[in-house]
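The values are calculated or read from the model by the stated rules, or taken from the named source; none is laboratory data. Note that this is a predicted model, so its numbers are computed, not measured. As a convention, Cβ positions derive from the backbone with ideal geometry for all residues, glycine included, and neighbour counts pool all protein chains shown. Ligands, DNA and RNA are excluded from the accessible area calculation, which covers all protein heavy atoms including side chains. Shrake-Rupley method; radii C 1.70, N 1.55, O 1.52, S 1.80 Å.
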Amino acid sequence: MGRLPLEGITVVSLEQAVAAPFATRQLADLGARVIKVERDTGDFARGYDTKVHGMASYFVWLNRSKESIVLDLKSAGGIAVLRELVSRADVLVQNLAPGAVERLGLGPDEALALNPRLIHASISGYGRGGSYEQKKAYDLLVQCEAGLLSVTGTPDSPAKVGISIADISAGMYTFSGILTSLLQRATTGRGDVLEISMLEALGEWMAQPYFYAQYGGAPPIRSGAEHASIAPYGPFGANDGTVFFGIQNEREWAKFCEEVLRQPGLALDVRFAGNALRVDNRPALHDSIDAVLGGLPAAEVLSRLDAAGIANAQLRDMHEFADHPQLAERNRWRDVESPVGPLRSLLPPVTSRETDVRMDPVPGIGQHTEKILAELGLDGPALARPETTN
């Protein structure tokens, strides 16, 4: 492996749950040294579940290649160690409760006074200022506030997205923002202050339905697994299962009618002349499609779709995804070490011709405390002892 892009960059992270750990894990993938500061009980995501041989699936996903140090941030000694780490770091990431980092004496102004080249990145639910600043923000709740549940689910019932999408979006913008600030610092020599709101990060991803509703007069309807504004696009029943496919233009619609349904005359039906009319007449459209596909096995339907050049997919569960032939054929799995042994993990999705990625072990709680304190020239056991007063 050649030199990784972020080798030599040190990140100190006061992180918990998903958003900040996702950002810093991606920095670690690229070679940054990520020092994860934990309380004595650890990041509470360590206890979200016990599905990975006793470890939490969330924690395994988000924390490989990091170093864990346990500090008591209610003690003067713990604060002193944290300040020393920050004074030497390139990046500080935090997603503590609003105001917590300021109470530690490491708000943006204080931290940059200590280390003018520092990139100080804060993730919060709703951002600094405004009446929502102190409001607790969990992923599902931010999905609600951003309007996501208004466009997911069925006409009768909204549904949350099945992954932590508000956290993930905030983590992605934190990651890209830090990379941008590192490039900027290379020119200016100065640090930066970044603030990322989960509401605003997810709000960016809600821009298309926003424009649709704001200027179209009505919001998109909740359409289950179907596309709200393209038809046919979604699940259709075969005689032994379900297939998914989508039609993007009139050329594809004509090929679909001729080669998949083998009813070329359907392409001339005035009810289906253009996507807008197909959406308006979706029940009749689906009846016409179901009358053919419902009598065919799924394998035959998928074969016809492939032959016609129509985009399609199988509905896979997690076990079927883990066995996906494309991921195996592209050699996309690696073993990552952990306190519970090697864990099969996906490579990061960006490949580079010039560099590899790092996939080092998932740390145990405080696994690197003594090592890091020794680097700082500090006595770890002495710091661990309770403070006394004369």
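List of remarks:
- The residues listed here are Gly162, Gly224; of these, the one that is free of Cβ contacts under 8 Å to residues at least 40 places away in the same chain, surrounded by fewer than 17 Cβ atoms within 10 Å (Cβ to Cβ) and either in contact with a Cys (Cβ under 9 Å, 6 or more places away or on another chain) or over 30 Å from Val86 (Cβ atoms) (or both) is Gly162.
- Selection of region 312-328 for residues being of a type outside the set (Phe, Trp, Tyr) and assigned to a helix (DSSP H, G or I) yields Met318, His319, Glu320, Ala322, Pro325, Gln326, Leu327, Ala328.
- The set of residues from region 61-70 being closer than 15 Å to Gln367 by Cα and open to solvent by 40 Å² or more (accessible area, probe 1.4 Å) comprises just one member, Val70.
- Of the helices (runs of 4 or more DSSP H) lying entirely inside region 181-293, those carrying at least 1 residues that are in contact with a Ser or Thr (Cβ under 9 Å, 6 or more places away or on another chain) and farther than 21 Å from Leu315 by Cβ are 198-205, 207-216, 275-280.
- Among residues of region 172-215, those that are touching a residue at least 40 places away in the same chain (Cβ under 8 Å), of a type in the set (Gly, Ala, Ser) and buried (at least 16 other Cβ atoms within 10 Å of the Cβ), counted: 5
- The test for being acidic (Asp, Glu), at pLDDT 95 or above, under 13 Å from Leu118 (Cα atoms) and open to solvent by less than 50 Å² (accessible area, probe 1.4 Å) does not hold for Asp167.
- For the condition touching a residue at least 60 places away in the same chain (Cβ under 8 Å) and within 20 Å of Ser229 (Cβ to Cβ), Gly246 qualifies.
- Looking only at residues in region 11-35 that are farther than 21 Å from Arg334 by Cβ and over 18 Å from the mean Cα position of the chain (by Cα), the one that is surrounded by the most Cβ atoms within 10 Å (Cβ to Cβ) is Val12.
- Test: residue in region 265-288 that is open to solvent by 40 Å² or more (accessible area, probe 1.4 Å), basic (Lys, Arg), out of contact with any Gly (no Cβ under 6 Å at 6 or more places or on another chain) and more than 30 Å from Val52 (Cβ to Cβ): yes
- Some residue of region 313-322 being small (Gly, Ala, Ser), in contact (Cβ under 8 Å) with a residue 60 or more places away in the chain and farther than 30 Å from Arg33 by Cβ: yes
- Residues being on the phi > 0 side of the Ramachandran plot and modelled with pLDDT under 95 - total across region 19-39: 0
- Filter result (over 15 Å from Met198 (Cα atoms) and among the small types (Gly, Ala, Ser)) within region 88-130: Ala89, Gly99, Ala100, Gly105, Gly107, Ala111, Ala113
- The set of residues in region 117-151 that are open to solvent by 30 Å² or more (accessible area, probe 1.4 Å), within 26 Å of Arg222 (Cβ to Cβ) and either within 17 Å of the chain's Cα centre (by Cα) or in contact (Cβ under 8 Å) with a residue 24 or more places away in the chain (or both) comprises Tyr132, Tyr138, Leu140, Leu141, Glu145, Ser150, Val151.
- Residue match in region 139-153 (condition: in a strand (DSSP E or B) and at pLDDT below 95): yes
- Answer from Val151, Val193 - the residue that is of a type in the set (Val, Ile, Thr), touching a Pro at 6+ places or on another chain (Cβ under 8 Å) and closer than 28 Å to Ile9 by Cβ: Val193
- Options Leu92, Leu104, Leu82, Leu114; residue that is modelled with pLDDT of 95 or more, touching a helix residue (DSSP H, G or I) at 6+ places or on another chain (Cβ under 9 Å) and open to solvent by less than 10 Å² (accessible area, probe 1.4 Å): Leu92
- Taken as a whole, the structure places Leu73 among residues that are open to solvent by 10 Å² or more (accessible area, probe 1.4 Å) and in contact with a helix residue (DSSP H, G or I) (Cβ under 9 Å, 6 or more places away or on another chain).
- Against the list (1) in contact (Cβ under 8 Å) with a residue 24 or more places away in the chain; (2) open to solvent by less than 60 Å² (accessible area, probe 1.4 Å); (3) not acidic (Asp, Glu), the condition Lys255 fails is (2).
- Residue in region 377-388 that is over 26 Å from Gln248 (Cα atoms), β-branched (Val, Ile, Thr) and out of contact with any Pro (no Cβ under 8 Å at 6 or more places or on another chain) present: yes
- Once region 305-361 is narrowed to residues that are hydroxyl-bearing (Ser, Thr, Tyr) and either open to solvent by less than 50 Å² (accessible area, probe 1.4 Å) or at pLDDT 95 or above (or both), the residue that is nearest to Leu30 (Cα to Cα) is Thr355.
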